[in-house]
Amino acid sequence: MSLKVGDPAPDFDLPAVVSSETHRLRLGDYLGNQNIVITFHPLDWTPT
């Protein structure tokens, strides 16, 4: 699936760690409740 700037983000489910606790993060849990900003950092946590 290819997205263009301005397209709505597809719903996704990802693992997340908050204060040493593992959680599941789902975009659909936040849609319609608050503003959301999604950023991508493809080389984070990799040696350069």
Legend entry - Reciprocal mean inverse distance between Cα atoms of the chain - Kirkwood radius, Å: 13.3
Inset, instruction - Report the trypsin sites (Lys or Arg not before Pro) located in the range 3-46 that are in a DSSP loop and have at most 11 other Cβ atoms inside 10 Å of their Cβ, or state none. - result: Lys4
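Rule-based calculations on the coordinates, nothing more; no lab input. On a predicted model such as this, the values are computed, not experimentally measured, just so you know. Here the Cβ is made from the backbone with ideal geometry for all residues, glycine too, and neighbour counts use every protein chain on show.
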